[in-house]
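Chemist: The structure follows.
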Amino acid sequence: MEETREPHRNSITAFSEFFEQNREKFLSFAYSYIKNRPDAEDLLMESMAALWENRDKWRESSSLHGLLLTIIKNKALNLLAHEQVRLRAEENINSHGQRELELRISTLKACDPESIFNTEIQQIVNKALNRLPVQSRRIFVLSRYHNASNRKIAEQLGISVKSVEFHITKALKKLRLELKDYLFFLLL
């Protein structure tokens, strides 16, 4: 193995030669930790630039090999720490996304469309009944919810059977109008 001379602190030519002679060795060192050739090359170039920019701090007894390897090591540690933070953030985001997806799946599995549909229709019916005159509402409720016959309702309220039929017909027309968008589904 050929021993390379380290450059003098102010000789850019000697520094460039030092870099070219040792480039692959330093690149291999960076790559062994980074595991990405373009990133390792960028890291090496940044390290060389940092070493050159701080040449006034070199001591005559300092080993440029050792200084450059230390710079590469520190930059690689920073890069790997940043990557670790990024991966943890991605895991947290993915974990949150996974929990949200599981919640949506379980909610959808628990969903009973028929129940939702029936509840919605019942709300429309209740609103329509509340808009009816009191007498028509009372007669419709007795007829449909309490299964009272027209004659029994007439006797209870002291009105004619024809009046009971009139009020039921009036209520049914109002409900048909309110439920016109749902009639097809109700028939199914």
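Chemist: What are the pairs with Cβ atoms under 7 angstrom where one residue, in the range 139-158, is over 14 Å from ASN126 (Cα atoms) and assigned by TED's automatic domain parsing to the domain that holds THR169 and the other, located anywhere, is of a type in the set (A, V, I, L, M) and loosely packed, with under 15 Cβ neighbours inside 10 Å? Sequence gap at least six, or different chains.
Modeler: Pairs that qualify, where the first residue is over 14 Å from ASN126 (Cα atoms) and assigned by TED's automatic domain parsing to the domain that holds THR169 and the partner is of a type in the set (A, V, I, L, M) and loosely packed, with under 15 Cβ neighbours inside 10 Å, are ASN150/VAL161; ARG151/VAL161; ALA154/VAL161.
Chemist: Something else now. Tell me, please, whether a residue that is loosely packed, with under 13 Cβ neighbours inside 10 Å, among the β-branched types (Val, Ile, Thr) and at pLDDT 85 or above can be found in the range 85-100.
Modeler: yes
Chemist: Given the structure, is ALA89 assigned by TED's automatic domain parsing to the domain that holds ALA30 and among the aliphatic types (A, V, I, L, M)?
Modeler: yes
Chemist: Okay, next question. Collect the residues in the range 1-54 that are modelled with pLDDT of 90 or more and of a type in the set (A, V, I, L, M), keeping them in residue-number order.
Modeler: Residues satisfying the conditions are LEU27, ALA30, ILE34, ALA40, LEU43, LEU44, MET45, MET48, ALA49, ALA50, LEU51.
Chemist: Let me ask another. Given ILE105, ILE116, which one is farther than 18 Å from ARG176 by Cβ, modelled with pLDDT under 80 and surrounded by 10 or more Cβ atoms within 10 Å (Cβ to Cβ)?
Modeler: ILE116
Conditions tested, residue by residue: (1) outside the structural domain of ALA30 (by TED's automatic domain parsing); (2) of a type in the set (D, E, K, R); (3) touching a helix residue (DSSP H, G or I) at 6+ places or on another chain (Cβ under 9 Å).
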| residue | (1), (2), (3) |
| --- | --- |
| LEU68 | no, no, yes |
| ILE71 | no, no, yes |
| ALA81 | no, no, no |
| ILE93 | no, no, no |
| GLU100 | no, yes, no |
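Chemist: Against the definition (within 29 Å of the chain's Cα centre (by Cα) and either over 30 Å from LYS180 (Cα atoms) or among the hydrophobic types (A, V, I, L, M, F, W, C) (or both)), how does GLY97 come out, yes or no?
Modeler: Answer is yes for this residue.
Chemist: Considering only residues that are under 18 Å from SER16 (Cβ atoms) and in contact (Cβ under 8 Å) with a residue 40 or more places away in the chain, look in the range 64-73 and name the one that is surrounded by the fewest Cβ atoms within 10 Å (Cβ to Cβ).
Modeler: Top of the filtered list is HIS65.
Chemist: Is there any pair with a first residue in the range 35-55 that is assigned by TED's automatic domain parsing to the domain that holds PHE18 and loosely packed, with under 13 Cβ neighbours inside 10 Å and a second that is of a type in the set (Ser, Thr, Tyr) and assigned to a helix (DSSP H, G or I) whose Cβ atoms are under 8 Å apart and which are 6 or more apart or on different chains, and what are they?
Modeler: ARG37/TYR31
Chemist: Based on what the data block shows, is VAL134 of a type outside the set (D, E, K, R), surrounded by fewer than 17 Cβ atoms within 10 Å (Cβ to Cβ), farther than 30 Å from MET45 by Cα and in contact (Cβ under 8 Å) with a residue 12 or more places away in the chain?
Modeler: No; evaluated as a whole, the condition is false for this residue.
The values are calculated or read from the model by the stated rules, or taken from the named source; none is laboratory data. Just so we're clear, the structure is a prediction, and the values are computed from it rather than from any experiment. Every residue, glycine as well, gets a Cβ built from its backbone with ideal geometry; the counts of neighbours run over all protein chains shown.
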